[in-house]
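Encoded as structure tokens, the structure appears first; notes follow it.
The values are calculated or read from the model by the stated rules, or taken from the named source; none is laboratory data. In this text, all values refer to a predicted model and were calculated from it rather than measured experimentally. Counting neighbours? That spans all protein chains shown, and the Cβs are built from the backbone with ideal geometry, glycine included. Keep in mind that these areas ignore ligands, DNA and RNA; they rest on the heavy atoms of the full protein, side chains included. Shrake-Rupley method; radii C 1.70, N 1.55, O 1.52, S 1.80 Å.
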Amino acid sequence: MIHIENLKKKYGEREVVSDISLRVRTGDVLGFIGPNGAGKSTTIKMVSGVLPVYEGKILIDGIDISLSPRNAKKRIGYLPENAPLPPNMTVRAFLKYVAAMRGISFFKRKQAVLDAVRSCALEEVLDQEIESLSKGYKRRVCFAQAILHKPPVLLLDEPTDGLDPNQKREIRNLIQTLSKDTAIIISTHILEEVRSVCTKVLLLAGGKIVFQGSTADFTVLEDQLKCTAFSFPPEQFHTAVEILQNTFPGSCRLDGETLVLPDDIAQDPALAQKLEEAGITWSISNDCSTSLDDVFAHLTRPEKTEKTLPAIQTTDIAEEGENDDD
Amino acid sequence: MSVFLSLTRNTFRECLREPVFFLILASTLLLVLSFPLLTFFSFDRQIWTILESSMAAVLFLGFAAAVICTNTCVQREMKNGTLLLLLSKPVSRFTFLLAKVVGIAGCMIVFSVICCTTVMTVILSSISPFLFDAKVMLIFFGVCILCLVFGAARNYFTGASFTENTIFAMLPALPVCYGVFYQILQSRLNIMDPHDTVSLTFVHFSEQLPVMFLLLLAIVLMGIITTATALHFSFPGNLVFCTILFLGGLLIGPWIQSLFGSGSFWGGLFSALLPNWQLFWMAYPVSEGTAIPASYVGLMTLYVIVYGTIWVIWAGVTFQGTELAKDSRV
């Protein structure tokens with residue numbers, strides 16, 4: 001189980017992770033989402049023991065990673081971002097090397113490697129040099145090294161990034177299979193992945209938690225979030241889009257001939273003022289569908305990280321976990 | 001312990017697989033093997049000339065090899081992220097550092113053994129002013145070529161690393177080759193008419209070994225220093241820093257002597273702060289047939305151990321707080 005309490009991280013004066021608390025139990029798959037630079041990878045690196053904890057506490061199966069890093073790391077499988085691997089080693093040699101690093105005894109190494117190879121379907125490339133593998137295979141090799149010692153805690157930093165749809169499906173199936181007896185954190189910005197494999201969601205923006213709760217709670221936001229579709233005359237469309245995207249960066253979504261904006265922005269007097277100043281005419285319609293992308297954009301807007309979210313109720317994963325455990 | 005050994009072994013083999021390391025080794029051998037030609041220009045000082053030139057080539061290119069090895073095994077790992085992968089395992093930073101130091105030092109020992117064997121063979125072949133034993137040189141060169149062929153064959157048929165296999169073949173083949181030549185030339189010397197041997201020079205193994213051992217110590221020490229500094233510098237930064245240290249170590253002896261006078265305690269202390277390469281440079285006694293005392297070799301070994309340990313401790317302490325995941329600084 002992973003227990004994080006008031007975790008913080010600073011680079012110089014800049015706080016990149018602010019006061020994160022959460023609890024992930026065996027059987028849980030926590031989707032760690034957020035825009036680039038939100039602090040996802042930094043948090044995962046601290047949980048994996050690669051980065052020192054600046055402030056707060058991280059417990060892996062009850063072991064404080066700052067006090068007993070070696071014991072805590074024994075319980076963690078970590079798939080880093082971009083799957084860094086030594087290029088000149090064969091897959092077999094690399095996995096055996098990792099098995100040795102993991103302290104798996106010489107006689108059990110072969111079996112451990114074979115199990116991981118089978119799980120990640122790497123039989124075909126076992127004796128190939130890593131350098132010669134495709135991106136998908138490299139990702140799977142990195143996945144195999146993470147599950148080699150059958151860890152109770154798995155940290156996956158963008159596990160399906162750069163994979164084709166079939167490979168993504170395979171990896172997601174594997175995550176679901178492993179989740180039965182593992183606590184998993186997945187850092188991703190693919191929202192489809194959250195919907196398909198995660199049981200919990202934690203959304204970070206600017207190093208702060210802007211949403212935490214179950215995946216069901218998160219997907220419900222799709223229905224709660226109201227949007228307005230703006231239509232413009234064809235000759236003014238591009239100018240209008242440019243103005244609105246510059247005024248409300250990251251909040252606009254093009255949907256065919258219309259521009260979709262969340263209601264709170266659509267009702268902002270500044271919007272009408274900007275369009276009027278440019279001499280643009282428009283019509284609006286409230287009959288438009290919202291997606292998880294809209295929810296994500298809405299929650300991670302810069303000003304949202306500074307304010308509370310009146311329309312959205314979030315569940316504190318840390319407290320929820322605590323109650324469950326008690 | 002098995003974690004440390006695996007890390008060390010992997011570092012060692014990774015260095016041997018590095019093509020640039022192999023190119024430096026091959027260049028050193030080619031250079032040293034060309035030095036017997038100097039016998040034509042050195043009158044009766046051929047041993048001294050060849051030994052000085054060979055030792056300079058081995059020391060300088062050994063320094064380059066050490067910097068390349070640390071770039072392969074430390075800086076590249078830090079840059080491409082495999083270090084993060086490694087440190088997420090139950091491996092402490094100090095274990096990582098120590099394994100890198102020992103692995104790279106091992107690689108430097110291999111480099112030194114191969115190069116020193118070649119130097120000793122070249123000295124052996126330089127039997128007289130204006131004359132070198134071409135047969136010895138040709139056979140030795142042929143053995144080097146055979147090792148290359150072995151490496152190429154292993155690479156072609158099994159896909160194993162060419163450079164690693166070539167070096168592994170050279171490691172026993174070249175010393176054996178030297179041993180055979182030594183026995184043959186020594187027995188030839190013994191059966192020759194004493195009147196004919198006057199102009200021939202034969203440097204005994206026992207005279208050469210301490211010199212070569214000191215050279216090996218210097219190269220190993222350079223390997224340790226470059227590894228320790230590689231944790232804090234990028235490749236160009238490390239190259240510049242270590243070059244300054246290397247050149248400073250070459251020049252510090254005379255400079256300190258002129259400043260403090262010879263035999264001064266403070267002079268001795270200051271010249272020990274930088275690795276004073278002059279202390280490892282014992283070409284002259286060999287050319288003069290003077291034996292190097294075992295106590296001096298022992299003292300230098302102790303110096304390397306203590307000096308290397310200080311660098312490792314410094315690197316270990318400073319590495320604990322080093323931020324490795326710089327890519328997360330957005």
Next on the checklist: How large is the convex hull of the C-alpha atoms of the stretch A:226-289 per residue, in Å³?
Outcome noted: 75 Å³
Item to check | Other protein chain Cβ atoms within 10 Å, averaged over every residue that makes up A:46-53 | outcome: 4
Checklist outcome for this item: So, relative contact order of the stretch B:147-186 in percent, Cα under 8 Å, 6 or more apart, is 36 percent
Checklist outcome for this item: In a Gaussian network model of chain A with springs linking alpha carbons closer than 10 Å, the residue among A:THR239, A:THR215, A:THR228 that fluctuates most is A:THR239
Checklist outcome for this item: According to the Cβ-distance criterion of 4.7 Å, cysteines of chain B with no possible disulfide partner are B:CYS73, B:CYS115, B:CYS116, B:CYS144, B:CYS147, B:CYS177, B:CYS242
Checklist outcome for this item: Length gained if B:GLN186 through B:ALA153 is fully extended, taking 0.36 nm per residue and subtracting the Cα-Cα distance, is 8.4 nm
Checklist entry - Relative to the longest principal axis of chain B, what angle (0 to 90°, nearest 10) does the C-alpha long axis of helix B:134-158 take? => result 30 degrees
Checklist entry - For chain B, what is the accessible area per residue in Å² when the probe is 1.4 Å? => result 44 Å²
Item to check | the stretch B:2-319: relative contact order as a whole-number percent, Cα under 8 Å and 6+ apart | outcome: 25 percent
Item to check | Pair B:SER2, B:ALA56: separation of 7 Å Cα→Cβ label points (nm) | outcome: 5.1 nm
Checklist entry - Taking 0.36 nm per intervening residue step and subtracting the Cα-Cα distance, what contour gain separates A:GLN224 from A:ILE190 on full extension? => result 10.2 nm
Next on the checklist: For a quick check of understanding: with a 1.4 angstrom probe and all protein chains in place, what accessible area in square angstrom does A:GLU192 have, to the nearest ten?
Outcome noted: 100 Å²
Checklist entry - How big a patch of accessible area, both sides summed and in Å² to the nearest 100, lies buried between A and B at a 1.4 Å probe? => result 2500 Å²
Checklist entry - How about A:LYS226: which lysines have a C-alpha closer than 28 Å to its C-alpha, ignoring those fewer than 8 places off in the same chain? => result A:LYS40, A:LYS200, A:LYS208, A:LYS274, A:LYS304, A:LYS307
Checklist entry - What are the residues whose amide H is under 5 Å from the amide H of A:ASP28, where those residues sit 5 or more places off or on another chain and H is modelled from the backbone? => result A:ILE184
Next on the checklist: How large a share of the accessible area of chain B, in percent, is made up of carbon and sulfur atoms when the probe is 1.4 Å and the other protein chains stay in place?
Outcome noted: 73 percent
Next on the checklist: Show me, for the stretch A:85-96, the HN-Hα J-couplings you get by feeding each phi into the Karplus relation (A = 6.51, B = -1.76, C = 1.60, θ = phi - 60°), rounded to Hz, glycine and proline as x.
Outcome noted: 9, x, x, 8, 8, 7, 4, 4, 4, 5, 5, 5
Item to check | Phi to ³J(HN,Hα) by Karplus 6.51 cos²θ - 1.76 cosθ + 1.60 over the stretch A:23-30, Hz, x for Gly, Pro | outcome: 9, 10, 9, 4, x, 8, 10, 9
Item to check | FRET efficiency, A:THR26 to B:GLU288 (Cβ-Cβ, R0 51 Å, nearest 0.05) | outcome: 0.10
Checklist outcome for this item: Of A:LEU244, A:LEU95, A:LEU299, the most mobile residue in a GNM of chain A (C-alpha springs, cutoff 10 Å) is A:LEU244
Checklist outcome for this item: If one compares the long axis through the Cα atoms of helix B:162-191 with the longest principal axis of the Cα atoms of chain B, the angle in degrees, nearest 10, works out at 20 degrees
Checklist entry - How far is helix B:46-70 tilted, in degrees, relative to the longest principal axis of the Cα atoms in chain B, given as a value from 0 to 90 rounded to the nearest 10? => result 20 degrees
Next on the checklist: With an 8 Å Cα cut-off and a minimum separation of 6 or more residues, compute the relative contact order for the stretch A:62-150 in percent.
Outcome noted: 41 percent
Next on the checklist: Solvent-accessible area of B:TRP48, probe 1.4 Å, all protein chains present, reported in Å² to the nearest ten, please.
Outcome noted: 80 Å²
Checklist entry - With every protein chain in place, what's the accessible area of A:VAL197 (1.4 Å probe, Å², nearest 10)? => result 10 Å²
Checklist outcome for this item: Label model pair A:ILE63, A:ALA272: point-to-point distance (7 angstrom along the Cα→beta-carbon line) in nm is 6.2 nm
Item to check | Subset of A:LYS8/A:LYS73; A:LYS73/A:LYS180; A:LYS57/A:LYS138; A:LYS74/A:LYS96 violating a 24 Å alpha-carbon distance limit | outcome: A:LYS57/A:LYS138
Checklist entry - With each label point set 7 Å from Cα along the Cα-Cβ vector, what nm distance links A:LEU126 and B:SER92? => result 3.6 nm
Checklist entry - Which shape class, rounded, prolate or oblate, goes with chain B when its Cα gyration tensor gives a ≥ b ≥ c as root eigenvalues, a/c under 1.5 marks rounded, and past that a/b bigger than b/c marks prolate? => result oblate
